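Below is one structure, written out as structure tokens, with a few remarks after it.
All of the numbers you see were taken from the coordinates with simple rules; none came from a lab. This one's a predicted model, so the numbers in the text were calculated from it and none came from an experiment. No Cβ is skipped: glycine too gets one built from the backbone with ideal geometry, and neighbour counts run over all protein chains shown.
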Amino acid sequence: MTSRRRTVVVLISGRGSNMQKLIEQGNAPGSPYRVVAVLSDQPQAPGLEIARGAGVATAALSAREHADRAAYDAALAQAILVHEPDLVVLAGFMRILSAAFVRRFEGTLLNIHPSLLPNHPGLHTHRRVLEAGETLHGATVHFVSEALDAGPRIVQGRIAVGPEDDEVSLKRRVQRVEHRIFPLAVHWFCSGRLTQREGRAWLDGAWLAEPVQWVESAPPGA
Ligand code: GRF
């Protein structure tokens, strides 16, 4: 166990409910990390206001103010690096990041995706699960690699899809899972238990050939 508290920068584009959970967990007594800044590509992202309310530094970088993706990503990297973070977290950051950016932060870059990866990378995961008639769905935390939603997987949480489910209910139920597994993975990383090496995720010194399967311990509906 390390004594220095790790620092985390969170990138968002929208509501920021995952970001909020990370700020809350980071502020808890004994937390191995704290969120030091929240950055967004959307100046109007509601999550920025939440972060400011929690006393966290914020900044918005609009794509319109940069010539191309390379210029944007260079500015974004700079805005992150001024905070000298140990970890960068994508929490609903809806931009594709360039290979150069991903390489710069490789091993210290986490994302959460609303599906059981490798199933359903990309957008509209809830709709695609319903259209395929699948009975299992969920969320995955993974290290970010150059291939979209294909980096080493760390932890997954599952939900059963019922006949009553629609896109709205799936989004709500999957987000409840996200709010548990994302803080868990960040906690693991910041307490030195989780690393990325040789293109793989390692937890407590063991290679995660499969992601950890998180199981809800509270009673259903809690
Ligand atoms: C989450 O569902 C996440 O899986 C996806 O974007 C959403 C962000 O939600 N990448 P929020 O902004 O954290 O509420």
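Assigned to a helix (DSSP H, G or I) and either among the basic types (Lys, Arg) or under 20 Å from Arg15 (Cβ atoms) (or both) - does that describe any residue in segment 131-142?
Start the filter on segment 131-142 by keeping residues that are assigned to a helix (DSSP H, G or I), which leaves 131.
With either among the basic types (Lys, Arg) or under 20 Å from Arg15 (Cβ atoms) (or both) added as a condition, the list becomes none.
No, every residue in segment 131-142 fails to be assigned to a helix (DSSP H, G or I) and either among the basic types (Lys, Arg) or under 20 Å from Arg15 (Cβ atoms) (or both).
For (1) among the aliphatic types (A, V, I, L, M); (2) without any contact (Cβ under 8 Å) to a residue 12 or more places away in the chain; (3) more than 14 Å from the ligand (Cβ to nearest atom); (4) more than 22 Å from Ser145 (Cα to Cα), each residue gets a yes or a no:
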site	(1), (2), (3), (4)
Gly26	no, no, yes, yes
Arg34	no, no, yes, yes
Glu49	no, yes, no, yes
Ala54	yes, no, yes, yes
Leu61	yes, no, yes, yes
His66	no, yes, yes, yes
Leu90	yes, no, no, no
Leu97	yes, no, no, no
Glu106	no, no, yes, no
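Does Ala209 count as among the hydrophobic types (A, V, I, L, M, F, W, C) and surrounded by fewer than 17 Cβ atoms within 10 Å (Cβ to Cβ)?
Values: among the hydrophobic types (A, V, I, L, M, F, W, C): yes; surrounded by fewer than 17 Cβ atoms within 10 Å (Cβ to Cβ): yes.
Yes: the conditions hold for Ala209.
Could you please give the count of residues in segment 25-55 that are of a type in the set (Val, Ile, Thr) and over 15 Å from the mean Cα position of the chain (by Cα)?
Let us first name the residues in segment 25-55 that are of a type in the set (Val, Ile, Thr), namely 35-36, 38, 50.
Subsequent filtering for residues that are over 15 Å from the mean Cα position of the chain (by Cα) retains 36, 50.
Final tally of qualifying residues: 2.
Of all residues in segment 4-20, count the ones that are more than 8 Å from the ligand (Cβ to nearest atom) and closer than 27 Å to Arg172 by Cα.
4
Which condition breaks for Leu123 when tested against (1) within 19 Å of the chain's Cα centre (by Cα); (2) hydrophobic (A, V, I, L, M, F, W, C); (3) in a helix (DSSP H, G or I)?
Going through the list (1) within 19 Å of the chain's Cα centre (by Cα); (2) hydrophobic (A, V, I, L, M, F, W, C); (3) in a helix (DSSP H, G or I), Leu123 breaks only (3).
One residue is enough: does segment 136-144 have a residue meeting the conditions surrounded by fewer than 22 Cβ atoms within 10 Å (Cβ to Cβ) and either within 16 Å of the ligand (Cβ to nearest atom) or of a type in the set (Gly, Ala, Ser) (or both)? So that I can check it myself, show each step before the final result.
So the first thing to find is which residues in segment 136-144 are surrounded by fewer than 22 Cβ atoms within 10 Å (Cβ to Cβ), and the list is 136.
The next check asks that each one be either within 16 Å of the ligand (Cβ to nearest atom) or of a type in the set (Gly, Ala, Ser) (or both); those that pass are none.
Scanning segment 136-144 turns up no residue that is surrounded by fewer than 22 Cβ atoms within 10 Å (Cβ to Cβ) and either within 16 Å of the ligand (Cβ to nearest atom) or of a type in the set (Gly, Ala, Ser) (or both).
I want to confirm something. Restricting to segment 117-132 and keeping residues that are on the phi < 0 side of the Ramachandran plot and not hydrophobic (A, V, I, L, M, F, W, C), which single residue is surrounded by the most Cβ atoms within 10 Å (Cβ to Cβ)? Steps first, please.
First, pick out the residues of segment 117-132 that are on the phi < 0 side of the Ramachandran plot: 117-119, 121, 123, 125-132.
If we keep only those that are not hydrophobic (A, V, I, L, M, F, W, C) too, we end up with 118-119, 121, 125-128, 131.
On the way: Pro118: 11, Asn119: 15, Pro121: 14, Thr125: 24, His126: 22, Arg127: 14, Arg128: 16, Glu131: 9.
For segment 117-132, the residue satisfying everything is Thr125.
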